[in-house]
């Protein structure tokens with residue numbers, strides 16, 4: 001580990017001029033503790049980007065700000081594109097396409113209330129959830145599948161650390177959240193303080209959509225940005241950087257935890273617990289195998305739940321699931 005760091009340092013110190021001349025790829029991510037910033041951090045801090053001939057520039061933004069500026073075209077590249085959320089932008093006229101998958105969806109209920117043992121037990125309770133995201137759109141549908149009438153739940157919209165603070169302060173009875181917040185609570189409290197109940201049912205999902213999982217976060221770009229040959233080349237380099245970063249994370253979890261905890265303001269224990277408990281959600285690969293899942297979400301589930309104004313047309317869907325150009 002020490003030798004690897006020394007070699008990396010020597011490489012970076014030996015070529016500052018070259019690094020300054022490299023093309024810059026600016027991407028938007030959700031701010032920490034979201035794990036959308038983790039892979040870009042590994043790419044930057046290990047020098048994967050400069051070795052592949054570009055320099056990564058990461059802009060962390062709160063979820064709603066990130067989506068508002070991506071939907072409007074202020075930001076052209078979003079490394080935080082939830083297909084369920086971005087589909088709405090496409091139906092509103094945004095010419096956005098998904099290039100590859102990054103994370104599969106995993107949602108859990110987190111609570112200290114011993115009476116809550118299933119999704120149905122949330123009836124009459126107060127919950128916190130990030131209701132402004134596509135992830136919540138999918139999670140709410142999964143909760144309904146498990147028999148919960150959301151009309152009987154008091155839902156408070158909160159994101160990231162604010163969710164956690166509400167639960168710790170007793171302002172809500174449970175969170176419906178993702179791995180980052182769930183493991184943050186678990187790593188910062190005595191064992192047994194909180195328990196988790198799975199919302200995502202991977203087996204059932206395979207029965208309804210022959211996809212590698214429920215797509216949660218993808219690499220999304222505006223097509224006018226992608227039309228530039230330089231940008232297409234940067235996208236291909238960034239995809240390779242994603243693959244190498246995943247390989248690094250899987251091979252070196254301890255070093256990964258060191259790097260992320262130093263740069264993203266999360267604890268080392270939190271990172272390690274997330275990788276141990278939820279490492280399976282990290283699934284970088286072509287977006288095309290997720291087409292059946294995205295079709296189901298955008299043409300049936302989300303419109304039926306009034307979370308999309310209408311089913312996505314087939315021509316929109318084809319452009320939406322564009323994939324990385326060869």
* Structure fact -> Among residues of segment 222-270 being more than 24 Å from residue 47 (Cβ to Cβ) and in contact with a strand residue (DSSP E or B) (Cβ under 9 Å, 6 or more places away or on another chain), the residue surrounded by the most Cβ atoms within 10 Å (Cβ to Cβ) is 226
* **Subset of segment 86-120 (residues that are surrounded by fewer than 19 Cβ atoms within 10 Å (Cβ to Cβ) and more than 22 Å from residue 217 (Cβ to Cβ))** => 93, 112, 113, 114, 115, 117, 118, 120
* helices (runs of 4 or more DSSP H) (entirely within segment 192-307) containing at least 3 residues that are in the same structural domain as residue 41 (by TED's automatic domain parsing), under 22 Å from residue 105 (Cα atoms) and touching a helix residue (DSSP H, G or I) at 6+ places or on another chain (Cβ under 9 Å) -> 229-251, 253-263, 268-278, 291-296
* Could you please tell me which pairs satisfy a Cβ distance under 9 Å, a separation of 6+ or placement on different chains, a first residue in segment 211-238 that is at positive phi, and a second residue that is assigned to a helix (DSSP H, G or I)? => 213/202; 213/205; 213/206; 213/280; 213/281; 213/290; 213/293
* Structure fact -> Note on segment 161-191: residues more than 17 Å from residue 273 (Cα to Cα) and in a loop (DSSP other than H, G, I, E, B) are 169, 170, 171, 172, 173
* Take segment 312-326 and flag every residue that is farther than 18 Å from residue 215 by Cβ and assigned by TED's automatic domain parsing to the domain that holds residue 88. => 313, 314, 315
* Structure fact -> Okay, helices (runs of 4 or more DSSP H) sitting entirely in segment 35-98 with 2 or more residues that are touching a strand residue (DSSP E or B) at 6+ places or on another chain (Cβ under 8 Å) and in the same structural domain as residue 260 (by TED's automatic domain parsing), I get 38-45, 63-72, 83-91
* Which of the following residues is farther than 23 Å from residue 85 by Cα and modelled with pLDDT under 95: 174, 129, 137, 169? -> 169
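The values are calculated or read from the model by the stated rules, or taken from the named source; none is laboratory data. Everything numeric here is computed off the predicted structure, so don't read it as measured data. As a convention, Cβ positions derive from the backbone with ideal geometry for all residues, glycine included, and neighbour counts pool all protein chains shown.
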